[in-house]
Every structure is written in C-alpha cells, then in structure tokens.
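These notes are about the structure you will find just below.
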Amino acid sequence: MKDGRILNIVDDNGKILGEDTRENIHRQGFLHREVHVWFYTPAGDIIFQHRAKDKDTFPDLLDITVGGHVEIGDDYKDSALKEVKEETGLTISDNDLRFIKFTHTRSSDPVTHNINNSLRAVYVYRYHGHIDDLQVEKGKSLGFESWPIDKILNISAEDKVRFIPAILQKDDLNILQQIKKLI
C-alpha cells in the first residue's frame, strides 16, 4: 500500500535529519515521528481499531484507537487532532487530549518485514459516545471494538493473537495501567 507521503527522519532527540518516503522509512527502519491516541470510556473500556487487511504493518489485527505519522511541518498535538478526525470522524479540541508520555518504539512485522521505528507522543481521550458513532476511515480500518480494560490486562492466549504485539508489551501495558487510574 503506497501512499507517496514524505516524512521527516529524526534522531533520538527528535531533531530532523532529513526526509524520505513513508514506504522507505518503514522498509529501512528509519526513526520518524508518530502519535497515538487511546480512547477509553467512563465504563472502563478501551476502544481498539481493527486494521485493514492490506495495511503494510500488522494487517487485520486490533490496534490503538488512533495512530499516525507526524506530517512535515506539523507538531505532535496537531497531528493527534488530525488523526482523530481522519480515523474516527470526531472533531475534538486540544483540551480534550491528555498527554501521557513520549516513547521510542521499534517493532518489526513478521509478515511484511517492515520496521516501525518511531518517536511517539501518546495521548488519551475520554470518549462518551457510542462505538457505532465512530466513523471508519475508508480503506484503512475494518471498524472498532470495545474491550474492558481488565480483560486486556489479563488477556487470554486465545485473545492475544487478535492484537498487534506491541499492545501487549510493557510500554503499552503501562499506558493501560495509567488509563485505568483515570477511569
């Protein structure tokens, strides 16, 4: 799935070193900037996005609610707000987002062999609506699923295979623990 976008390549401190295509950045594993926005509900559920079957990394698996690249010229928060609009149809303000932390994440997709090496700003958003009101981004997602946070934190081996591996790793599990404290 080629989209032709050009993204910044950065160093470990976020300093821009250059730019390249999104595809080459993932093929070569260059460090770049991303955002994640986790939606949680007052009832204690986490909303996951079901990735499309033709995504270039981790196709057909459940992932965080909203995620995307920081476009050239944008900052992390602007990118988070744009991605929320694109991937859910919601227009929210920067005051609706709560910053959690920055992470440096590197993962390799065993199917496509693409490498996602990113400096990521992680935000959370308390969603009061119904999951059916979220609009699927055409061609990028198959829909959304809501899971009780305690079920994810105590996930069965059978359910683990439905998620991208990073969700069940230490960094993301720590984020889920922080979200649980907000509920």
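Is it the case that residue 91 is within 17 Å of residue 35 (Cβ to Cβ) and in a loop (DSSP other than H, G, I, E, B)? When the stated conditions are applied, residue 91 passes them.
Screening the candidates 107, 79, 93, 118 for the property of being among the hydroxyl-bearing types (Ser, Thr, Tyr) and touching a Gly at 6+ places or on another chain (Cβ under 8 Å) yields one hit, 79.
Look at the stretch 126-144: where a residue is on the phi > 0 side of the Ramachandran plot and surrounded by 11 or more Cβ atoms within 10 Å (Cβ to Cβ), no partner that is modelled with pLDDT of 95 or more and part of a loop (DSSP other than H, G, I, E, B) sits 6+ places away or on another chain with Cβ atoms under 8 Å. Checking 48, 58 one by one, the residue that is crowded, with 21+ Cβ neighbours inside 10 Å, under 19 Å from residue 161 (Cβ atoms) and modelled with pLDDT under 95 is 58 and no other. Residues that are within 16 Å of residue 43 (Cα to Cα) number at least 2 in the following helices (runs of 4 or more DSSP H) confined to the stretch 121-183: 149-153, 170-182. Examine the stretch 33-51 for a residue that is part of a loop (DSSP other than H, G, I, E, B), among the basic types (Lys, Arg) and under 23 Å from residue 168 (Cβ atoms), and state whether such a residue exists. No, the stretch 33-51 has no match at all. The number of residues in the stretch 80-104 that are among the hydroxyl-bearing types (Ser, Thr, Tyr) and crowded, with 18+ Cβ neighbours inside 10 Å comes to 1. Filtering the stretch 36-45 to residues that are crowded, with 17+ Cβ neighbours inside 10 Å and either among the aliphatic types (A, V, I, L, M) or over 16 Å from the mean Cα position of the chain (by Cα) (or both) leaves 37, 41, 45. The single condition among (1) in a strand (DSSP E or B); (2) surrounded by 15 or more Cβ atoms within 10 Å (Cβ to Cβ) that residue 77 does not meet is (1). Residues in the stretch 1-35 that are charged (D, E, K, R), buried (at least 17 other Cβ atoms within 10 Å of the Cβ) and at pLDDT below 95: 22 only.
Being at pLDDT below 95 and of a type outside the set (A, V, I, L, M, F, W, C): is that true of residue 130 here? Against the criterion (at pLDDT below 95 and of a type outside the set (A, V, I, L, M, F, W, C)), residue 130 does not qualify.
The values are calculated or read from the model by the stated rules, or taken from the named source; none is laboratory data. Just so it is clear, the structure is predicted and the values come from calculations on it, not from any experiment. All Cβ positions, even for glycine, are placed from backbone atoms using ideal geometry, and neighbour counts span all protein chains on display.
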